Structures are given as structure tokens and as C-alpha cells.
Amino acid sequence: MAEPAFTQEVAEKTSTIALSPEKEAVYERITRTLQEYTGGDIIRKVLADGEVPRAYWGSATTGRPHIAYCVPLVKIADFLTAGVHVKILLAGKLFSAQFDKNLHAFLDASKSTLQTVQYRVKYYSKLLKTVFTVLGVPVDKLEFVTGTSYQLKADYTLDVYKFHALTSTREAEHAGADVVKESESPLMSSLLYPGLQALDEQYLDVHFQFGGVDQRKIFMYAAHFLPRLGYAKRAHLMNAMVPGLSGGKMSSSDPRSKIDFLDSAAEVKSKIKAALCPPGEVENNGVLAFIKAVLIPISALRIEQAFNKGENAPVGEGSFVNVGAPDGTLFSITRPEKFGGDIHFSSYEELEKAYVAEQVHPGDLKSGVTDALINLLAPIRKAFDEDEEWQEVERLAYPDQSAAPPIADKKVKKKDVRKSAPTEEERAALRAAKEKEKAEKAAAKATAEGHPLKAAQVQRASQAAIDVQPASVASGSGSSTSCITTTNLPKLKLLAKGKVRDIYALPAPEDQDKLLFVATDRMSAFDVIMNNGIPSKGITLTTLSLFWFDKLKEVIPNHVLTPSPSTCLASPADAWSEFPRSLDEYRDQLEGRSMIVKKCEVVKIEAIVRGYITGSAWSEYKKSQTVHGIEMPAGLVESQKLPKPLFTPSTKADLGDHDENIHPDKVKDICGPELAEQIERVALRLYTEASDYAVQRGLILADTKFEFGLLPDSSSPTGSKLILIDEVLTPDSSRYWAFDAYVPGQPQASFDKQYLRDWLIQGGLKAKEDVTLPEHVVSETRSKYEEARDRVMSLGKFAKHGKIGTQAGDENLSLQTDQVEDAIQEESGKTGKHGKIGVKAGDEDLPLQTDQVEDAIKQESKAL
């Protein structure tokens, strides 16, 4: 089928309108460094006529802005210094695309309130204006616009009807193909999105629109259809797409590469350190790409500004150039003298050439980018810290992610000094009080936002607080209803906060080589953390991990110090007795969900092992007959067991980033060949042993991921020892299926978060932020997690005699050890058959003959 006519538009780079040298320089600045632009003569005519060019760029305001925004902002800086009047249209999360830039976010399924979105618009405008000010760019021609200023008017609504009377669904779908997420049942709004964005050009009264090259089809759609409505054709300027710090696409709507503009220096250093930066490679190297697209242009802009003022080029603090660097330097990397000392580059091409030749180590490159980013972000953070109004706006815009200092509580609370840990009843009363306070705050907030809770809702919330019981790790679904999504341990230093786990340093000097891992009840899906958690999920994950750490300790040592993994079946109180008494004041937050572990160097690889083809592996196989780039046999069907377990690693990403699937050979580049081979060998053995055990418990372990660390070991030739870390074989890290329900050729019901993922997809909430899970989804997800735990650990109704190891149609039913023992004991008590053979006078224990044992086992098998 032929492409729609509007896609035949081509880049217009042939100039037909002469300009004065000064205007030509302005035109060159507007169009430089772009990947592509169309309608160049439109801009040239504006300049020739002496008009001020007007431009438009749109940005969504649902998520916090992060350094990916630097890519378009650097180009917008070019527009502003060229005298262009720039209009920034601040959007909610695109309607599944676009409808209003503040109204739309309210309508979006992300459930942001209109009031919240309005605060986010204010936050964005303050932040972006500060960024331009820090760059030394004039902001007198910078204007922030919201869609409600025109999108609710009658003439705009009429034009929406007129526009979509001219286009077809096929044309609209094609126009949005590169920016609207694919769906089996797309929303109608995804077809309206390109047309609404086209009409923005007319109603914002601009000469050109700016965006990434992924917007090209929408731009051509606008250029084709606006003139048919009688409106002027606009020019379109397109930036190249830049890979993120973890590889892949980087854009203002991409949740990856999230270094926040307000991140501390330590947070910046940590996130850059974790970035993927393979030695000597340029393609998909997000660190190099960021230098090229952001840092080098900013450095060049600052030098140009200094020159225009008759000043020397900036060096030292606040710049990207070290003191003592040669004239013309744009970027410096600080290195110790023993590694060759500082190195300086006058262009990106020079830096890239040195990196490809491996004259610049990835660690040095990351260090240079870290220093530059800290210098870039420091004045932005300083402006934020000095502006109380901005801080208040940020608190209201992102109440769960605020970087502003907490509001001081003027009430002096009397310190609760205890000689012993609180009792279970006292902890239950404290939790009830907290839940009641939480319910009262929720009711007050709802009233303030104009939708007060009904009396029955308030009553239910209050009753739920009263009903809070002491936490336990009992099997089944009757464990604690409390839900810990955040931890607050003020006397301990929080080192890291993941999607589920909070990691703290221990206060005692003798514990500096240890860490405290706390598994919260936070729930994430598609790399987004839900607003509410799953009660006792952290306890379930910790209990299962301890069980598997203990079971697999002969394969590889692990990082667990406290509690002993063998206590996974003990009571929470018994396990807690192993923890330092200094943690007793936090017992209500830690009991059953925490581990003290060895501090180690984390291997930046997710060691995924697949025994069955499903999930992303199946998606890749359907497209290319490969899994992680590995050639696979033809004719496989969904969920089919693979000929042998397959090692399919991925990179280990930071919070907010995506892990990147990689070929096993890539691990050698990241870790070195010896360690890569060891990781693969150990991961496959761990999977095989766990999979064999799972089958005995009526489960299929379809796939799982392991994480590893390195401990110093002077006895090892490499100087380090590989250990198993983090969590292991939990529903968060593994895909479990019921053995007796397994049918190849179709998706399988699983004991993990797939139920939640399916619910999000069906509700159009995939990868959206600010999602609150309804009670039935919380309950069902919790039930699946706890059933996986109980099946694996033989708890509750799965403690004995399940139809384990059987499949529909099988004739041979294998018995568990406990079933064989029970059968033999029962047979031993019978008389009248076989005779008491082998019994001597005075014997109290009557052994069975081989045939009796066989009969007992057969009889038990038939009973199943």
C-alpha cells in the first residue's frame, strides 16, 4: 500500500531568498546542528521582511523534567540568541498524545488532578527559565503557553472538526506512528493527536515548529493539511534523536536517563557511573552522545558569549574547561598524573577519535561528564534552594518526589526513650494511629480538591485503621494488612532507593562493611512505581529470598549475614533476635522484610536465564528468530520449553531507567572474559537446580534473573570472589507457572506481576505515572505472590501432597519425599499381607520388604 501523500514532503535546503550577511548569520544559527528541516524559505522570507521569527516547542508536564530536556533546550538557546520569539507549550501527558497542555493532563488516565497539573506547569516554567538564565541566554522573547488559552474556544473546536473531515484514519494513524505508543486497541485520541498538534501552529501564530526527528510524520501531516484549511504552511525544524545514558532513544518523554535537574552531586555521580559506556564504541554510547549534543554546544555558546562581551573564555569553576587548558578547549577531563594527567579537546570529533582509539578510558569519560554536569546543575539547584515560592510549587506539583527541604515542624515532640523493644500490641496501636492519621489527611486533601469523600468511605478508612493487626510472616494470604511503601530511619544514612528496596548504611564503626537491605511493599510495573503498594509484599520477597539463598548456598556463596537464611521458616520474632539491638526502635519497619548483607562491588549485569520462550524473548523471536541476538531453532511456539536453558543477560539500570537486553558476548566487554564465563556458568547451574526443585513443587520456573557481586579475595587469582546478591527467585525477579496448567503454544497464567501488567495495559495505563491500584488488583496481586511463596516453601495448603510433578495426560505420577514417607509409614502399620519378614523376637521396628515399599508407593500414586 502506498504511503500517504503528505509523507512525500522532502527537506527543503535550497535557498531562493537572498539575505543580508547579518540576516544570513541569523538563519544559519536557527538551522545549524539540526538533523533536518523543511520550509527553509518560509524562515528566510520572515527574516527578509524584517519580522521577528516565531517558533513553538511542546513539552509534557506529567513527569519531572530531567537532563534529556537539555537536548532540545540547547537548540532553543540557539533560537533565543538569534532573536526568535519562542513559545513553549506546556502539556500534560499527551491525551495519549496531545489535547491541551494542562487541560489534557487532567483528562489523562494518569489520574493527576487539574490542580496538580497547574502546579506542574508553574514548576516547568520556573525551571526552564532558570536553565536558560544559567546558560546566559536572553529570556525576553521566551513565552510559556497552556492549551486552555485557546483549545476551549469555539473557533478552535470548529477547526478540529474541519481538519478531521479532510483526513482519513489511515493518514492520521500514519502521522502519529512514531510517537503514539502501539496498542491492539488504540484510543480515538491517538488519531486526533497529530491534527491537534498541527492546529497548534495556527493558534499559536508561529512561523515554525521545532521537535525531534521522530515528529517528522506529524510535521509533514501539518504542512499538507493546514493549507487545505486556508492556513499558511509552516517550516519544521528537527533535532537528531540522542541515545540515553543506558542506550536507546533519549527524548523529553522518555523515562530513561533520569538525572533530575535538582539532583545532588552524589546522585549525579552515582547515575553517570552506572551508565553504559563500552570502551572504544560510539554507537548507542549515551555518554558520548550527551557530550556531543549538550556539553560541547553549551561550552561553545559560553565561549561565544564571552567573545561578544570582549571577555576571556570561561575556565575553571562553572565551566567545562580546566584552568591551564590550551586556548580553544571546549571540554576537559581531569585525570591523575599517574594516568597521564588532564586531557583537553577543542571539538567533539577530536574527543570521539581519541575514545575510539581507546586513548580515553570509559571511567575517565564518565568522570569528565560528571564534573561538567555538576557544574551545570549547581546554579540551578542553588536558585531553587533560595526560592521558597519555587520550592512550594515543587512540593505541590510532585508531592511524592519533592526535592525541597521538608517544612519544619514547630511542635517539639518528646523523645520516646525505651529500655526494651515495643510489644506487638504497642506496635499494632502505633500502626493503627498512623493509618487513622493517614485516612484523615486523605479526607482533608480530597475535600480541598473539591471531591470530598463520602461518610461511608471515611468510616471504612477509619475502621481499617482500627483493624490493623501485628505483622507476621505466616503462610497464606492472612498475613499483615499493613503496607510499608517508604521507610524512615533517621539515624541511618540512606544510600540508595530502588523500585522496591531501600539500602542503608549501619551506624556502628564495626559495621562499615555491611549494608541494611529493606524490602518495602512498593510495586512497580513497566519501570514505573505505583502510588500504593501491596501489603506484606516486602516480607514475602525477603522470606522467599532467604529460602533460596539457603537452598543454593552450595552452588555459590551469597551476601546475607543476618538473619541466617535458615530462619526463613522461623517466626519473625526469632529472626529479629539476630539483628543489632540498635535497630529495635525501627522494628515496626524492618521486621520480616530486612537483611544485613556484605557490602560488595555490584556486577553491572542482570544474569537472566530462560528455560521457556515467553515475554520479551517471544516478541523478539517472532520478529527475527533470535533471542537477545542468539539464533534460535525455527518453529518454536509461545511458552515452549527450550532445548536447553539459555543465558540472556541485560545491563543493570538505575531507578527510572530500562535494562537493555544484550548478547552474551557483550558481557565479556563489560566484565572481562573470565568473569563473564563464570557468571554464565553459575547462572545456568542456579537456574537448573531451582527449576528442578520447582517442578517437584508443582511449578515451572520459566525464567529468572540473578544478580552478582564481587568480594575481595586474596586467595583468588583475580583478587575477588563472585557471590549471589540482592533477591533471588522471587515473583519480582522470576516467572513461575503452574505445572499442571501448562499448555505450550499460548500465554500461561503466572505467579508474578503479569496480572498487574495486564490490568494496566487494558486500562491504558501502561508506563504511566501517578497510578493508584484499586483494592481488587492489590488483593489479587498479593494472592499470587503469596501462593508462589507457599508453593515453593511448602507452606499452608501446599505443605504436603499436592499433585506435584504431574501434567494433564501423564500416566506416571511422581511422589514427593514426604508422600513416600507417609505411604511407607501407613503400610508399616498394616498386617495380614506379606508377613513380618525379617523380624526377630524383641524387635520394635518392623522393616518392610522391597515389594511392600513398591506397593505402598503405587497405592499412594493411585490415590492422587
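The values are calculated or read from the model by the stated rules, or taken from the named source; none is laboratory data. Small disclaimer: the values here were computed from a predicted structure and weren't measured. Because the Cβ atoms are built from the backbone with ideal geometry, glycine has one as well, and the counts that use them run over all protein chains shown.
Could you tell me which residue of segment 496-514 is surrounded by the fewest Cβ atoms within 10 Å (Cβ to Cβ), considering only residues that are over 18 Å from K258 (Cα atoms) and of a type in the set (D, E, K, R)?
Going residue by residue through segment 496-514, those that are over 18 Å from K258 (Cα atoms) are 501-514.
Keeping just the survivors that are of a type in the set (D, E, K, R) gives 501-502, 510-511, 513-514.
Values: R501: 22, D502: 24, E510: 7, D511: 16, D513: 11, K514: 17.
Once the filter is applied, the top-ranked residue is E510.
For segment 697-705, does any single residue satisfy the condition of being assigned to a helix (DSSP H, G or I), surrounded by fewer than 21 Cβ atoms within 10 Å (Cβ to Cβ) and touching a residue at least 60 places away in the same chain (Cβ under 8 Å)? So that I can check it myself, show each step before the final result.
In the first step, residues of segment 697-705 are kept if they are assigned to a helix (DSSP H, G or I); the result is none.
No, every residue in segment 697-705 fails to be assigned to a helix (DSSP H, G or I), surrounded by fewer than 21 Cβ atoms within 10 Å (Cβ to Cβ) and touching a residue at least 60 places away in the same chain (Cβ under 8 Å).
Name the single residue, out of those in segment 524-547 being over 28 Å from E689 (Cβ atoms) and either touching an Asp or Glu at 6+ places or on another chain (Cβ under 7 Å) or at pLDDT 95 or above (or both), that is surrounded by the most Cβ atoms within 10 Å (Cβ to Cβ).
Applying the filter and picking the extreme gives I534.
Scanning for something farther than 20 Å from S691 by Cα and buried (at least 21 other Cβ atoms within 10 Å of the Cβ), does segment 738-754 turn up at least one residue? Walk me through how you get there before you give the answer.
First, the residues of segment 738-754 that are farther than 20 Å from S691 by Cα: 745-746.
Still in the list and also buried (at least 21 other Cβ atoms within 10 Å of the Cβ): none.
No, segment 738-754 has no match at all.
Against the definition (at negative phi, in contact with an Asp or Glu (Cβ under 7 Å, 6 or more places away or on another chain) and not assigned by TED's automatic domain parsing to the domain that holds F290), how does S402 come out, yes or no?
Values: at negative phi: yes; in contact with an Asp or Glu (Cβ under 7 Å, 6 or more places away or on another chain): yes; not assigned by TED's automatic domain parsing to the domain that holds F290: yes.
It is true that S402 is at negative phi, in contact with an Asp or Glu (Cβ under 7 Å, 6 or more places away or on another chain) and not assigned by TED's automatic domain parsing to the domain that holds F290.
Can you name the residue in segment 114-149 that is under 19 Å from H85 (Cα atoms) and hydroxyl-bearing (S, T, Y) and is also surrounded by the most Cβ atoms within 10 Å (Cβ to Cβ) among such residues?
Residue satisfying both the conditions and the ranking: Y124.
Would you check if there is a residue in segment 796-803 being within 30 Å of V602 (Cβ to Cβ), hydrophobic (A, V, I, L, M, F, W, C), at pLDDT below 95 and not in a loop (DSSP other than H, G, I, E, B)? Working first, answer last.
Applying the first criterion (within 30 Å of V602 (Cβ to Cβ)) to segment 796-803 yields none.
Checked segment 796-803: no residue is within 30 Å of V602 (Cβ to Cβ), hydrophobic (A, V, I, L, M, F, W, C), at pLDDT below 95 and not in a loop (DSSP other than H, G, I, E, B).
So which residues in segment 320-367 are touching a residue at least 60 places away in the same chain (Cβ under 8 Å) and not charged (D, E, K, R)? Even if it seems obvious, please write down each step before you answer.
Here is the first cut: in segment 320-367, the residues touching a residue at least 60 places away in the same chain (Cβ under 8 Å) are 351-352, 355-358, 361-362, 365-366.
Scanning segment 320-367 gives L351, Y355, V356, A357, H361, P362, L365.
I'm checking my understanding of the structure. Among residues of segment 324-341 that are in a loop (DSSP other than H, G, I, E, B) and surrounded by 16 or more Cβ atoms within 10 Å (Cβ to Cβ), which one is modelled with the lowest pLDDT?
Pass one, segment 324-341, residues in a loop (DSSP other than H, G, I, E, B): 324-330, 334-336, 340-341.
Remaining after also requiring surrounded by 16 or more Cβ atoms within 10 Å (Cβ to Cβ): 325, 329-330, 335.
Working: A325: 93, T329: 95, L330: 95, R335: 88.
Result: R335.
Scan segment 197-216 residue by residue and report those that are part of a helix (DSSP H, G or I), surrounded by fewer than 22 Cβ atoms within 10 Å (Cβ to Cβ) and charged (D, E, K, R).
Within segment 197-216, the first condition is being part of a helix (DSSP H, G or I), and the residues that meet it are 197-203, 213-216.
Right, trim to surrounded by fewer than 22 Cβ atoms within 10 Å (Cβ to Cβ) and you get 202-203, 213-214, 216.
Result: D214, R216.
How many residues, within segment 232-282, are crowded, with 16+ Cβ neighbours inside 10 Å, of a type in the set (A, V, I, L, M, F, W, C), at pLDDT below 85 and not in a loop (DSSP other than H, G, I, E, B)?
2
Conditions first: (1) buried (at least 16 other Cβ atoms within 10 Å of the Cβ); (2) part of a helix (DSSP H, G or I). A313 passes all but one, so which condition is the exception?
Failed condition: (2).
Listed here are the residues, each with its yes/no results for (1) part of a helix (DSSP H, G or I); (2) of a type in the set (A, V, I, L, M, F, W, C); (3) surrounded by fewer than 20 Cβ atoms within 10 Å (Cβ to Cβ); (4) more than 25 Å from the chain's Cα centre (by Cα).
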residue: H344; (1), (2), (3), (4): no, no, yes, yes
residue: E350; (1), (2), (3), (4): yes, no, yes, yes
residue: K353; (1), (2), (3), (4): yes, no, yes, yes
residue: S367; (1), (2), (3), (4): yes, no, yes, no
residue: I374; (1), (2), (3), (4): yes, yes, yes, no
residue: K382; (1), (2), (3), (4): yes, no, yes, yes
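Every residue in segment 54-77 that is outside any helix (DSSP H, G or I), under 22 Å from A240 (Cβ atoms) and touching a strand residue (DSSP E or B) at 6+ places or on another chain (Cβ under 7 Å), please.
Listed by number, the residues that qualify are A55, Y56, W57, G58, S59, A60, H66.
This table checks each residue for (1) modelled with pLDDT under 85; (2) within 17 Å of the chain's Cα centre (by Cα); (3) of a type outside the set (D, E, K, R).
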site	(1), (2), (3)
T648	no, no, yes
A653	yes, yes, yes
D657	yes, yes, no
P664	no, no, yes
V667	no, no, yes
I670	no, no, yes
E674	no, no, no
E677	no, no, no
L686	no, no, yes
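Would you point out which residue out of V160, V134 is at pLDDT 90 or above, of a type outside the set (D, E, K, R) and under 25 Å from Y398 (Cα atoms)? It would help to see each step written out before you state the result.
On the way: V160 fails: under 25 Å from Y398 (Cα atoms).
Being at pLDDT 90 or above, of a type outside the set (D, E, K, R) and under 25 Å from Y398 (Cα atoms) holds for just one of V160, V134, which is V134.
Consider V10 carefully, then state whether it is modelled with pLDDT of 95 or more and either in the same structural domain as K292 (by TED's automatic domain parsing) or not small (G, A, S) (or both). Before you say what the answer is, go through the steps one by one.
Working: modelled with pLDDT of 95 or more: no; either in the same structural domain as K292 (by TED's automatic domain parsing) or not small (G, A, S) (or both): yes.
When the stated conditions are applied, V10 does not pass them.
Would you check if there is a residue in segment 559-579 being free of Cβ contacts under 8 Å to residues at least 40 places away in the same chain, surrounded by fewer than 24 Cβ atoms within 10 Å (Cβ to Cβ), of a type in the set (D, E, K, R) and closer than 16 Å to L515 by Cα?
Checked segment 559-579: at least one residue is free of Cβ contacts under 8 Å to residues at least 40 places away in the same chain, surrounded by fewer than 24 Cβ atoms within 10 Å (Cβ to Cβ), of a type in the set (D, E, K, R) and closer than 16 Å to L515 by Cα.
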